[in-house]
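Structure first, commentary second.
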Amino acid sequence: MEYAGLIGGVVLLILLALRGVNIILSSLICSLLVVMTNDLPLAPSLSEYYAFGPLGAFTFAGKFFLLFAAGSIFGRVMGDSHAAASIATALINRLGAHRALWITTLACALLTYGGVVAFVVIFALYPLGLKLLQEANIPKRLFCGALALGAGTFTLTTLPGTPSIHNVISSVALGSDLFAGFWIGTVGGVAMFGLGIWYLERQRKLAVANGEAFVPGASDRISSLDDSEYPPWQLALMPMVVVIGLILLPRVISMSMDIGALNEGSLLRTLIEFANAQPIVWPSIALIAGSVLAALMFSHIRRDSLHVMGNGAQDSIMPLINTAAVIGFGGIVTHTSGFLEFTSLMLASDLPPLLSAFVSVSLVAAITGSASGGLQIFMQTMAPAYTEMGLNPEVLHRIATMASGGFDSLPHCGTVIATLTITGLTHKEAYKDIGIITVVIPVLVTLALIALLLLTSA
């Protein structure tokens, strides 16, 4: 009964998401199913595990509220000021409208590999992407695929050196550095990018052949001004440059000089230490700074800048709550006896340790709907046993991190929910492309690398 309820809850959540049922209601229904079939105490399950536990909905919402709000404000400001449209038009004029998916993917990749959180990337690039899609007449579902490829695959879990939370979790747990498994990550990253962009371009050509076109959503705000009325693209880039620069500058300074040599309590040292210790607050400050700069620079929003920012803050609420609801479901799942028995079963299996680790991380990430949550649970509960089996910590670091970014992106994944909510699409409209990009391709690439490692070590 426990296993049936656990699996049934996950499957039901996926089915309800695919059918377009409200994700908050769906997560509550599926949480109750897991609670009842696993004999969990009702009150603690809903008020603690679901709401305020380590993977609780409001724990997540409280932790990421500022980031969602700041990201949404920046996206709204860039859209309403027509700065995003100006940048998009400049890119189209130089690279061609037909390369809109390449532009989106590479822009996302550069931002996420530089340390910008995926949620920020989605908010920041969506206004720009709308104009790209309109000019190229590409279906909006493929923009979701390009976002997913650039922000949620090879730069998030695979390429060595990425400062993503996933890479950091493995580094801290295993005592390895961010470049662990260098060649594994490099080969895997190139493969994921190549297969992903091939798939997107193939779908773009099929869409053109089938007469599929760009259709804006009811809440999409696309500039209708003449190109000559846009702010110059060089100026339009400035707020985005400020955001990225502020996020990356403390890390660059830390890498290029000895911070300990600065005077204790000096302003520069205090700011650098604060920025490096605040992976959520500091990017939020950067986004607000970019928004304020844009409000001062661009006449289209200067007088109504506070109203524009207020609308942006309002836009962040539903993506945040929808994402948090799915995280809360994962918080209940991790307290079931079936989940605990699964971890013991995997450690005692006859599979090769590397393959067993892949299966363990993948299933935990799938159940919780979170790559970082699944990886954190694996590193806390199972990773020490695998290193005791003789697995190289650097290899385990890279394979486990890559594995976390596969089955986490099933339809109930929080980031998938947030992406669809922000873009105004349904699972039926866009999940096929997102799923192939973020589930099928990463899983196949990771399994191929595991097979290669097993063959070369035999």
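If you take the residues in the range 15-43 that are β-branched (Val, Ile, Thr) and open to solvent by 30 Å² or more (accessible area, probe 1.4 Å), which one is farthest from LEU410 (Cα to Cα)?
Out of the qualifying residues, it is ILE29.
Only one of (1) more than 18 Å from ALA146 (Cβ to Cβ); (2) among the hydroxyl-bearing types (Ser, Thr, Tyr); (3) open to solvent by less than 20 Å² (accessible area, probe 1.4 Å) is not met by THR105, so which one is it?
Every condition holds for THR105 apart from (1).
All but one of (1) modelled with pLDDT of 95 or more; (2) more than 30 Å from ASN137 (Cβ to Cβ); (3) open to solvent by less than 40 Å² (accessible area, probe 1.4 Å) hold for TYR199, so report the exception by its number.
Unmet for TYR199, out of (1) modelled with pLDDT of 95 or more; (2) more than 30 Å from ASN137 (Cβ to Cβ); (3) open to solvent by less than 40 Å² (accessible area, probe 1.4 Å): (2).
Search the range 1-60 for residues being in contact with a Cys (Cβ under 8 Å, 6 or more places away or on another chain) and more than 14 Å from GLY330 (Cβ to Cβ), and hand back the single one that is modelled with the lowest pLDDT.
Among them, the one singled out is LEU16.
Within the range 281-300, track down each residue that is exposed (fewer than 14 other Cβ atoms within 10 Å of the Cβ) and touching a helix residue (DSSP H, G or I) at 6+ places or on another chain (Cβ under 8 Å). Don't jump to the end; show me each part of the working.
Just the residues of the range 281-300 that are exposed (fewer than 14 other Cβ atoms within 10 Å of the Cβ), to begin with: 296, 299.
The answer is LEU296, and nothing else.
Would you tally the residues in the range 230-255 being of a type in the set (A, V, I, L, M, F, W, C), under 21 Å from LEU178 (Cβ atoms) and open to solvent by less than 30 Å² (accessible area, probe 1.4 Å)?
Matching residues across the range 230-255 total 1.
For the range 172-183, what are the residues that are aliphatic (A, V, I, L, M) and either under 13 Å from PRO442 (Cα atoms) or in a loop (DSSP other than H, G, I, E, B) (or both)? Don't jump to the end; show me each part of the working.
Taking the range 172-183 as the starting set, the residues that turn out to be aliphatic (A, V, I, L, M) are 172-174, 178, 180.
Those that are aliphatic (A, V, I, L, M) and either under 13 Å from PRO442 (Cα atoms) or in a loop (DSSP other than H, G, I, E, B) (or both): LEU178, ALA180.
Restricting attention to the range 141-163, which residues are in a helix (DSSP H, G or I) and open to solvent by 10 Å² or more (accessible area, probe 1.4 Å)?
At the first step, the residues of the range 141-163 found to be in a helix (DSSP H, G or I) are 141-152, 154-158.
Answer for the range 141-163, where residues must be in a helix (DSSP H, G or I) and open to solvent by 10 Å² or more (accessible area, probe 1.4 Å): ARG141, ALA148, GLY152, PHE154, LEU156.
Among helices (runs of 4 or more DSSP H) lying entirely in the range 343-458, which contain 1 or more residues that are over 14 Å from the mean Cα position of the chain (by Cα), of a type in the set (Lys, Arg) and surrounded by fewer than 17 Cβ atoms within 10 Å (Cβ to Cβ)?
Working: elements: 353-368, 371-381, 383-388, 393-404, 414-423, 427-435, 441-457.
Hits in the range 343-458: 427-435.
Under 23 Å from PRO239 (Cα atoms), among the charged types (D, E, K, R) and crowded, with 17+ Cβ neighbours inside 10 Å, is that true of ASP315?
On the way: under 23 Å from PRO239 (Cα atoms): yes; among the charged types (D, E, K, R): yes; crowded, with 17+ Cβ neighbours inside 10 Å: yes.
Against the criterion (under 23 Å from PRO239 (Cα atoms), among the charged types (D, E, K, R) and crowded, with 17+ Cβ neighbours inside 10 Å), ASP315 qualifies.
The values are calculated or read from the model by the stated rules, or taken from the named source; none is laboratory data. Computed from a predicted model, the values in this text were never measured in an experiment. Here the Cβ is made from the backbone with ideal geometry for all residues, glycine too, and neighbour counts use every protein chain on show. For accessibility, only protein heavy atoms count, side chains too; no ligands or nucleic acids. Shrake-Rupley method; radii C 1.70, N 1.55, O 1.52, S 1.80 Å.
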